[in-house]
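Quick notes on the structure that follows.
The values are calculated or read from the model by the stated rules, or taken from the named source; none is laboratory data. Keep in mind it's a predicted model, so treat the numbers as computed, not measured. Backbone-built Cβ (ideal geometry, glycine too); neighbour counts: all protein chains shown.
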Amino acid sequence: MIRDLAKLLLSYGIVFPRNALNGYLEWSLIKDVITSLEINCVLDVGANIGRYSRNLRKIGYRGYILAFEPVREAFTAMRKSLEQDPSWQGYNFALGSENTTQTINVPVVSTAMSSFLNPTNFNCEIRQELVEVKRLDTIIDDLLQNIKSPRLFMKLDTH
């Protein structure tokens, strides 16, 4: 029954809830780090539908967010949120070690567990999608050109 509930939540892009106290402590720490280091630009790598970026806004972060999500379905869902926020930019490609295209494995039940790695759970139906991959060092200057004195924080949630 719990497994079925988790699958249902994942199908709507909702991660199965963790202990509320752990979540509070995690976001309190992130807020403290961003504030104390005067971060003005967050790179959300593996942004999926934008939950992390929305949570940044909930804790009061008002700086720039550059969100990278290669899976078309997830990027489309995220775009609805970022269209309302001029300081949140989304990019429909992956970051990697070379500029190329690559096949990503996307679980049919949820894009949250998409991966370039081969699936190990063969009970999960997978579809494949060809995505663009870019090296961060080849695009970072263009991405940051309108941000005065960028102070970066990178969140990585990738496989």
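Some notes on this structure:
- Test for L144: is it surrounded by 10 or more Cβ atoms within 10 Å (Cβ to Cβ), within 20 Å of the chain's Cα centre (by Cα) and more than 14 Å from F93 (Cα to Cα): yes
- Total residues in the range 88-118, condition part of a strand (DSSP E or B) and within 11 Å of the chain's Cα centre (by Cα): 3
Yes/no per residue for (1) over 22 Å from R51 (Cβ atoms); (2) free of Cβ contacts under 8 Å to residues at least 24 places away in the same chain; (3) acidic (D, E):
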| site | (1), (2), (3) |
| --- | --- |
| A94 | no, no, no |
| S97 | yes, no, no |
| N105 | no, yes, no |
| T111 | no, no, no |
| F116 | no, no, no |
| N123 | yes, yes, no |
| V131 | no, no, no |
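- The set of residues from the range 133-146 being free of Cβ contacts under 8 Å to residues at least 12 places away in the same chain and within 18 Å of T100 (Cα to Cα) comprises D137, I139, I140.
- Restricting I126, I140 to residues that are farther than 15 Å from G46 by Cα, at pLDDT 95 or above and of a type outside the set (D, E, K, R) narrows the list to I140.
- Here is the figure for the range 18-68: residues that are more than 22 Å from S110 (Cβ to Cβ) and outside any helix (DSSP H, G or I) total 15.
- Test: residue in the range 88-105 that is closer than 19 Å to W27 by Cβ and either surrounded by fewer than 15 Cβ atoms within 10 Å (Cβ to Cβ) or at pLDDT 95 or above (or both): yes
- Here the range 122-159 is the region considered, the condition is being among the β-branched types (V, I, T) and not in a loop (DSSP other than H, G, I, E, B), and the residue that is farthest from L29 (Cα to Cα) is I126.
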